[in-house]
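**Student:** Here you go, one structure.
The values are calculated or read from the model by the stated rules, or taken from the named source; none is laboratory data. Predicted model, so just to flag it, every value in this text is computed and none were measured. With ideal geometry, Cβ positions are generated from the backbone for all residues, glycine too; neighbour counts draw on all protein chains shown.
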Amino acid sequence: MKTPLQNERGIALVVALIILTVLVLVGAIAIMTSTTDLNISANYKAGNEALYVAEAGLERARAYLKTVTNMDSVLTTNGGMPFGLTPVSFGSGTYSVVVTNNTGDAGGASHDSDNTVVVTSTGTSTGGGKRVIEAVFIKPTTNPPGIRGAVTANYNVGTLGTMVVDGRDHDIDGNLITPATGMLGVSSRGAITEGGNSKIGGMAPDGTEVVPTKTGTFGPPVTGWASSCEQNASWTAPATPDAALGWPEGTLKKIAQSGAAGSRYLTNPASLTLPLSGVTYVELPSGSVWEAVDFGNSTGILIVHNSSTNAIMKNTNSGTFKGVIIVDDLINVHNDIIGAEINLTSNPSEGSCIGNGTGKLVYSQTAVYNALNAVSQWTMTSWREVY
């Protein structure tokens with residue numbers, strides 16, 4: 001026989017208190033979760049803002065590096081940029097930028113001997129976020145891999161008329177620098193021929209100066225103009241203008257399209273106005289010819305190229321170009337080119353002749369360097385977020 005509870009008064013209150021306690025705990029947990037989520041969201045936002053601010057500092061550094069002519073002076077200025085030694089306000093935060101020498105440089109902390117530096121940008125947001133990013137910058141060398149002489153060609157090279165090709169170093173106005181230094185007159189993966197009264201000279205591999213002449217022949221013993229040339233060479237030919245300079249693919253076209261330093265990209269050279277500067281990228285349709293070229297007084301990097309490597313530049317009749325010319329197929333240089341010229345084609349459309357008149361093509365380290373420096377003195381090669 002079941003015995004009823006003697007006193008059940010108050011049990012409802014106990015149950016109510018238990019339920020209320022559970023509800024309070026659930027509410028507290030919900031509030032804590034919401035607060036945590038809000039904090040996470042705020043921290044995420046502050047971190048992103050700090051990252052964007054740090055990236056702004058890096059871009060400021062990229063622009064500033066293009067103006068630097070003596071990196072050692074930057075490395076010894078407290079290790080930082082003139083604009084970044086104290087925090088710079090930007091958007092919703094501040095950034096500071098420091099430039100240091102790379103650890104593998106034999107020049108130590110204050111002397112850049114390998115054209116490589118590290119830029120560290122620290123971004124701090126008003127929300128308390130902080131991000132540090134680090135990028136490695138390199139400076140293009142004065143002689144990119146595709147420049148092996150005043151003329152570098154992927155096939156046979158011939159000169160006629162009174163053309164002069166000279167690999168000895170010249171100043172920006174084409175005057176010979178003494179004592180003589182420089183490069184080969186012509187480096188080719190094919191044969192080199194010299195006809196008419198044309199002359200080739202340059203620096204022989206052993207450092208001997210070869211005044212432009214047309215005496216001598218190839219083969220042992222190497223004498224005369226031939227000692228300043230390299231024919232049937234085994235180096236790997238660059239397939240694109242970017243490869244010729246050792247730059248990432250697409251860089252030259254991107255610079256040309258950006259308009260930096262007067263750069264231009266076009267498919268119809270008839271619309272060009274002089275003088276040329278920066279990167280002038282002429283992407284001709286397959287097999288098309290840019291003929292009767294007048295350079296005026298132009299500088300920079302000139303590209304005449306297409307994906308079939310059969311864009312033709314023919315009869316450069318007048319004006320002076322100072323810098324680097326990279327062309328698929330060059331025919332008949334009649335003007336003055338100071339710097340260096342690279343031929344990409346392995347199948348020239350009209351044989352090997354690159355000049356048959358009074359043209360002059362002389363190597364100039366200064367002209368090459370100026371052309372590169374105008375658009376990309378320091379190039380970022382890697383980037384990472386430190387924290």
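**Student:** With the requirement that a residue be assigned to a loop (DSSP other than H, G, I, E, B) and either touching a helix residue (DSSP H, G or I) at 6+ places or on another chain (Cβ under 9 Å) or within 18 Å of residue 378 (Cβ to Cβ) (or both), what does region 246-289 give you? Before the answer, list the steps.
**Tutor:** First, pick out the residues of region 246-289 that are assigned to a loop (DSSP other than H, G, I, E, B): 246-250, 259, 263, 267-268, 272-278, 283-288.
Of everything in region 246-289, those that are assigned to a loop (DSSP other than H, G, I, E, B) and either touching a helix residue (DSSP H, G or I) at 6+ places or on another chain (Cβ under 9 Å) or within 18 Å of residue 378 (Cβ to Cβ) (or both) turn out to be 246, 247, 248, 249, 250, 263, 275, 276, 277, 278, 283, 284.
**Student:** I would also like to ask the following. Can we say residue 124 is buried (at least 18 other Cβ atoms within 10 Å of the Cβ) and either part of a loop (DSSP other than H, G, I, E, B) or on the phi < 0 side of the Ramachandran plot (or both)?
**Tutor:** Judged against the criteria, residue 124 is a match.
**Student:** Assess whether residue 311 counts as being touching an Asp or Glu at 6+ places or on another chain (Cβ under 6 Å), surrounded by 21 or more Cβ atoms within 10 Å (Cβ to Cβ), assigned by TED's automatic domain parsing to the domain that holds residue 168 and among the small types (Gly, Ala, Ser).
**Tutor:** Working: touching an Asp or Glu at 6+ places or on another chain (Cβ under 6 Å): yes; surrounded by 21 or more Cβ atoms within 10 Å (Cβ to Cβ): yes; assigned by TED's automatic domain parsing to the domain that holds residue 168: yes; among the small types (Gly, Ala, Ser): yes.
It is true that residue 311 is touching an Asp or Glu at 6+ places or on another chain (Cβ under 6 Å), surrounded by 21 or more Cβ atoms within 10 Å (Cβ to Cβ), assigned by TED's automatic domain parsing to the domain that holds residue 168 and among the small types (Gly, Ala, Ser).
**Student:** Within region 237-253, restricting attention to residues that are under 10 Å from the mean Cα position of the chain (by Cα) and of a type in the set (D, E, K, R), which residue is modelled with the highest pLDDT?
**Tutor:** 242
**Student:** Can we say residue 94 is surrounded by 10 or more Cβ atoms within 10 Å (Cβ to Cβ), modelled with pLDDT of 75 or more and touching a Pro at 6+ places or on another chain (Cβ under 7 Å)?
**Tutor:** Judged against the criteria, residue 94 is a match.
**Student:** Look through 119, 99 and report the one residue that is among the β-branched types (Val, Ile, Thr), in contact with a Gly (Cβ under 8 Å, 6 or more places away or on another chain), crowded, with 19+ Cβ neighbours inside 10 Å and at pLDDT 75 or above.
**Tutor:** Criteria check complete, one pass: 99.
**Student:** Among the residues of region 140-149, count how many are modelled with pLDDT under 75 and buried (at least 19 other Cβ atoms within 10 Å of the Cβ).
**Tutor:** 1
**Student:** If residue 294 satisfies all but one of (1) touching a Leu at 6+ places or on another chain (Cβ under 8 Å); (2) surrounded by 19 or more Cβ atoms within 10 Å (Cβ to Cβ); (3) more than 23 Å from residue 257 (Cβ to Cβ), what's the number of the condition it fails?
**Tutor:** Just one mismatch for residue 294, condition (2).
**Student:** Can I ask one more? Please state which of the following conditions residue 198 fails to meet, knowing it meets all the rest: (1) touching a helix residue (DSSP H, G or I) at 6+ places or on another chain (Cβ under 6 Å); (2) farther than 23 Å from residue 144 by Cα.
**Tutor:** Every condition holds for residue 198 apart from (1).
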